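See structure below.
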Amino acid sequence: MSHLVDTAEMYLKAVYELEEEGIPPLRARLVERLEQSKPTVSETVARLERDGLMHVKNNRVVALTEEGKRQATRVMRKHRLAERLLLDVLGMPWSDVHEEACRWEHVMSDAVEERLETLLEHTDVDPYGNPIPGIEGVTSSAVQSDLHSVKDRVARGDLGEAVIVRIAEGVQTDPDFLGRLSAAGVVPGARVRIEDDGGRVTIAASGGGERPGEEESNKGAQPGREVKLSDWQQAHLFAR
């Protein structure tokens, strides 16, 4: 990560992401998400708790305070607006915009954020299908409520046809994996087929979809190409 990254914002955003994905934000999950040591995470969480941005509940779940949630929402909003700018306006590869936006989110002024909102009108989700917070009528829970991860679908035997809706933040840190998804046409809005062959879970675009405006994320795609999914990857792809 760049030296420009703000530690407090990074932690607040990580808790926001975990909540959005339906994962209890335990300190152990922050260790995994942020790739930092247990002592470092414990010390930072304690500091942010003293600063009134988060608190640790009796069940060890890390929760954001009202101020913490406000700041986390602001950072996530800037991050996802930056992703749209990088993809839609600057034409960066779909697999690379997340990593670049992680730098922009910490240095973007409120004035630039407002200009981006005007420039990117009628945009309510990021390039990976996640809601851009702060836009009227768009909430994480509303988008999450009728979706299930590929991992959940496999566990209950709900295989076959589905439509990819969201690719969660946790797996966006792997541009190689995103590149394989893009090459196979497995992007938000794509109709896909999920298969489980004795524990070998694969996903492939079957053609068609619900969001034809996502051309930039789907250039050169080869529908039908299978992508093998690990348990971790399955947990971060959401479909209906």
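Laboratory data are not the source of any read-out in this text; all were calculated from the coordinates shown. Since the structure is predicted, the reported quantities are computational estimates derived from the model, not experimental observations. In this analysis, Cβ positions are derived from the backbone assuming ideal geometry, glycine residues included, and neighbour counts consider all displayed protein chains.
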Quick one: which residues, 5 or more positions from M54 or on another chain, have an amide H under 5 Å from its amide H? H modelled 1.01 Å from N in the peptide plane, none for Pro or chain starts. E49, T65
Among A204, A28, A168, which one moves the most in a GNM of the chain with springs linking Cα atoms closer than 10 Å? A28
Can you list the residues, at least 5 places off or on another chain, whose amide H is less than 5 Å from the amide H of V163, using H built in the peptide plane? V192, R240
Subtracting the Cα-Cα distance of K38 and S230 from 0.36 nm times their residue separation yields 66.6 nm
Points 7 angstrom from Cα along the Cβ direction at N58 and R70: gap in nanometres? 2.9
Provide the per-residue ³J(HN,Hα) series for the stretch 101-110, in order, calculated from phi with Karplus coefficients 6.51, -1.76, 1.60 and θ = phi - 60°, each as a whole number of Hz, with x at glycine and proline positions. 5, 4, 7, 5, 4, 8, 10, 6, 6, 5
Selection of GluC sites (Glu not before Pro), the stretch 16-60, meeting DSSP coil and at most 13 other Cβ within 10 Å: E35
Using each residue's phi in the stretch 70-84, evaluate 6.51 cos²θ - 1.76 cosθ + 1.60 at θ = phi - 60° and report the 3J(HN,Hα) Karplus result to the nearest Hz, with x for Gly and Pro. 4, 5, 5, 5, 4, 5, 5, 4, 5, 4, 6, 5, 4, 4, 5
Calculate one ³J(HN,Hα) per residue across the stretch 29-34 by plugging θ = phi - 60° into the Karplus curve 6.51 cos²θ - 1.76 cosθ + 1.60, and present them in order as whole Hz with x for glycine and proline. 6, 5, 4, 5, 5, 9
Structure-based [θ]222 nm, the chain - -39500 (n - 2.57) summed over DSSP H runs of at least 4, per residue, nearest 500: -11500 deg cm²/dmol
Would you mind checking which residues have amide H under 5 Å from V201's amide H? H placed 1.01 Å from N; only 5 or more apart, or other chain. L229
Give me the net charge for the shell around W104: Cβ to Cβ below 9 angstrom, other residues only, Lys and Arg +1, Asp and Glu -1. -1
The chain: Lys pairs at Cα distance under 20 angstrom, eight or more positions apart or on different chains: 8
Counting only DSSP loop positions in the stretch 74-140, the GluC sites (Glu not before Pro) whose Cβ has at most 13 other Cβ atoms within 10 Å are E121, E136
What full-extension length gain, to one decimal in nm, is calculated for T202 and A46 as 0.36 nm per residue of separation minus the Cα-Cα distance? 52.1 nm
